[in-house]
Amino acid sequence: MTLETAHLREIAYARSGDKGSNANIGVISYTSEGYAYLKENLTEEHVKEYFLPLGVKDVMRYELPNLGALNFVLIGILGEGGSRSLRIDAQGKALGQAILEMPILISTETLSHCRKN
Amino acid sequence: MIRIGNAQGFWGDRITAAEQLVRQQPDIDYITLDFLAEVSMSILAIQREKDPEMGYAADFVEIIRSLIPHWKKGSKVKVIANAGGLNPQGCAKRCAEVLMSEGCPPLRIGIVSGDNILSMIQAKPDDPLFRNMDTTEPLSKGAKFLVTANAYFGAKPIVEALQQGADIVITGRVADPSLTVAPCVAHYGWSWDDYDKIAGATIAGHLIECGTQVTGGISTNWLDLSNPANIGYPIAEVLEDGSCILTKPKNTGGSVCEETVKEQLLYEIGDPNNYLSPDVTVSFLSLQLKDEGSDRVRITGAKGRPPPSTYKVSGTYKDGFKMEAMLAVFGRDAFRKAWLSGKIAIEHVREQGFELEHVNIECLGSGDVVPGVFEEFCNGDAKECVLRIAVADHRKEALECLSKEIAPLVTCGPQGVTGYTSGRPKPRPIFGYWPCLIEAKRLKPVIEIIQVGSS
């Protein structure tokens, strides 16, 4: 089994949104094998660590097996949020694209079953 | 089957979308429009301070004007919008004037108000429900600084207006999906405890409320879309059982497929088993999607439970000012030059006696849209970036001081600084957000009807 470094965008697509100082990122698999891989590997801790530089305080993960999706709620990631934030991306519109750039370690075999058809 | 489209995902979306939708899909039954983001009410409050006749989204009047030719030709399309803001009566009055002056056939405008609870909330600042839901601070400290406080009504008052024959319904704050739930309840006669059906209509509303976000807009694979300059606005065909088909008009750009629908389903949600609206509590966990091809996706399986006994309340308060300035920087060591230039502008303000309360300097092009997450962008070889300086302070004069220290960088800053011709930036007020709750039974929505032209 050869492990390679790929990016989350090769096995999933995403969408982010905001609610006050929190944001949510939906991560959706292309295939059912992809969902199994995400469920196992894209943990709350992993996502929290990735976004730590933005000041995220906590991450909650919800599973939507019927849609092959995970929903992450990132508490405090937007700082003051909305009108008060001084960041160019005050509403977290870029977070979906940001998570999709996450490097992942995955076997070549599994990767081939997780890509978009 | 009832066809409900959306022609405004937010205030600032395309004003041409409503007329376009009716032209492209003449058999559409309803068009919904969403004008109220979290801070929209604050902007309307400032407007109304200057002119008591204002306080509503003026763009809506132009949208109504653009539909008049269709009504004249016999279209029966009805419009539901939260464009009323802080002055739904004023908005309705202005729409009526425009409809009359352009000889539109008789129409009825329904007005839903009663969501404005600013004085109610200021009278009882110690009520535990009025605590800030995010920070848990009690209102008593900040009550007098509140500029707006509006409860999110549900579909019921809109249904009442429709049952009284309204062709156009103008509301203040309403939960966005309720704009879609209301025509479904009015059309099918569902009872308010038909929770699964109302959940289905709520899902349809959640999908279409952001306009093109479900028809390919901001999709991950946006570059694969055909005709992105003409992305069609969404239509939900809602069936009697609450299920729906999400689609868009034929021969428009964009796409309605499993991907675009799933992305919008996941947009701005928390716990998918407990999606709260004033009409129902929805679970997304039994939803099934079926892509039927030709930009048609069927959504079934929504499950609903009773709604919360409280309405969500959105309050806002003035909290100082903010301002941003941008300059392009080109050349060797672009990031370092940009960063230092930003620091220099702040230092110049400091020399004049203002220690700015909050400062944020970004080098766009170095990964600062998502700061700290992408170390790989920070390579010293990059030759171009945009310096962005954003500041906040309670003293407007401190920001005005900074606004005069941006252009000087063009003669004392690094070679390669450019893009300074858009003039001095202006401070804008900051509105803090005060989310809280109020018992639904304490509020009574008010429905008024205006008959335009003889019926």
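The values are calculated or read from the model by the stated rules, or taken from the named source; none is laboratory data. Here the structure is a predicted model, which is why all the values come from computation and not from measurement. Cβ: placed from backbone, ideal geometry, glycine included. Neighbour counts: every protein chain shown.
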(request) Scan the stretch B:45-71 residue by residue and report those that are over 26 Å from residue B:234 (Cβ atoms) and either touching a residue at least 60 places away in the same chain (Cβ under 8 Å) or assigned to a helix (DSSP H, G or I) (or both). (result) B:45, B:46, B:47, B:48, B:49, B:50
(request) Check residue B:434 against each of (1) buried (at least 19 other Cβ atoms within 10 Å of the Cβ); (2) part of a loop (DSSP other than H, G, I, E, B); (3) of a type outside the set (Lys, Arg); (4) touching a residue at least 24 places away in the same chain (Cβ under 8 Å) and name the one condition it does not meet. (result) (2)
(request) Check B:234, B:228, B:278, B:272 and return the single one that is under 16 Å from residue B:31 (Cα atoms) and not polar (S, T, N, Q). (result) B:234
(request) State the number of residues belonging to the stretch B:63-80 that are charged (D, E, K, R) and exposed (fewer than 14 other Cβ atoms within 10 Å of the Cβ). (result) 3
(message) Out of the residues in the stretch B:277-296 meeting the condition of being within 12 Å of another protein chain (Cβ to nearest Cβ) and among the hydrophobic types (A, V, I, L, M, F, W, C), tell me which one is nearest to the chain's Cα centre (by Cα).
(response) B:284
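Please verify whether residue B:139 is touching a Ser or Thr at 6+ places or on another chain (Cβ under 9 Å) and either small (Gly, Ala, Ser) or touching a residue at least 12 places away in the same chain (Cβ under 8 Å) (or both), treating the condition exactly as stated.
Working: touching a Ser or Thr at 6+ places or on another chain (Cβ under 9 Å): no; either small (Gly, Ala, Ser) or touching a residue at least 12 places away in the same chain (Cβ under 8 Å) (or both): yes.
Here the answer is no, as residue B:139 does not meet what is asked.
Answer with yes or no whether residue B:139 is over 23 Å from the mean Cα position of the chain (by Cα) and at pLDDT 95 or above.
On the way: over 23 Å from the mean Cα position of the chain (by Cα): yes; at pLDDT 95 or above: no.
It is false that residue B:139 is over 23 Å from the mean Cα position of the chain (by Cα) and at pLDDT 95 or above.
If the requirement is being over 35 Å from the mean Cα position of the chain (by Cα) and either part of a helix (DSSP H, G or I) or over 22 Å from residue B:422 (Cα atoms) (or both), which of these qualifies: B:335, B:354? Before you say what the answer is, go through the steps one by one.
Values: B:335 fails: over 35 Å from the mean Cα position of the chain (by Cα).
Only one candidate passes the filter, namely B:354.
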(request) State the number of residues belonging to the stretch A:39-76 that are within 22 Å of residue A:6 (Cβ to Cβ), of a type in the set (A, V, I, L, M, F, W, C), part of a loop (DSSP other than H, G, I, E, B) and within 11 Å of another protein chain (Cβ to nearest Cβ). (result) 1
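If a residue must be more than 18 Å from the chain's Cα centre (by Cα) and either buried (at least 18 other Cβ atoms within 10 Å of the Cβ) or facing another protein chain (nearest Cβ under 10 Å) (or both), how many such residues does the stretch B:225-234 contain? Steps first, answer last, please.
Here is the first cut: in the stretch B:225-234, the ones more than 18 Å from the chain's Cα centre (by Cα) are B:225-232.
With the extra rule that they be either buried (at least 18 other Cβ atoms within 10 Å of the Cβ) or facing another protein chain (nearest Cβ under 10 Å) (or both), the set shrinks to B:231-232.
So the answer is 2.
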(message) Which numbered condition in (1) modelled with pLDDT of 95 or more; (2) touching a strand residue (DSSP E or B) at 6+ places or on another chain (Cβ under 9 Å); (3) surrounded by 16 or more Cβ atoms within 10 Å (Cβ to Cβ); (4) not small (Gly, Ala, Ser) is the only one that residue B:343 fails?
(response) (3)
(request) Give the residues of the stretch B:346-373 that are aliphatic (A, V, I, L, M), more than 17 Å from residue B:334 (Cβ to Cβ) and either more than 8 Å from chain A (Cβ to nearest Cβ) or surrounded by fewer than 19 Cβ atoms within 10 Å (Cβ to Cβ) (or both), sorted by residue number. (result) B:346, B:349, B:356, B:359
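Among the residues in the stretch A:77-92, are any crowded, with 17+ Cβ neighbours inside 10 Å, part of a strand (DSSP E or B), out of contact with any helix residue (DSSP H, G or I) (no Cβ under 9 Å at 6 or more places or on another chain) and more than 7 Å from every other protein chain (Cβ to nearest Cβ)?
First pass over the stretch A:77-92, keeping only residues crowded, with 17+ Cβ neighbours inside 10 Å: A:77-78, A:80-92.
The next check asks that each one be part of a strand (DSSP E or B); those that pass are none.
For the stretch A:77-92, residues crowded, with 17+ Cβ neighbours inside 10 Å, part of a strand (DSSP E or B), out of contact with any helix residue (DSSP H, G or I) (no Cβ under 9 Å at 6 or more places or on another chain) and more than 7 Å from every other protein chain (Cβ to nearest Cβ): absent.
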(message) Could you tell me how many of the residues in the stretch B:378-406 are among the small types (Gly, Ala, Ser) and at pLDDT below 95?
(response) 2
(request) Those residues that are assigned to a helix (DSSP H, G or I) and more than 7 Å from chain A (Cβ to nearest Cβ), I need them from the stretch B:248-263; list them, please. (result) B:258, B:260, B:261
(request) Working only within the stretch B:366-425, note down all residues that are farther than 14 Å from residue B:344 by Cβ, of a type in the set (Lys, Arg) and part of a loop (DSSP other than H, G, I, E, B). (result) B:383, B:395, B:424
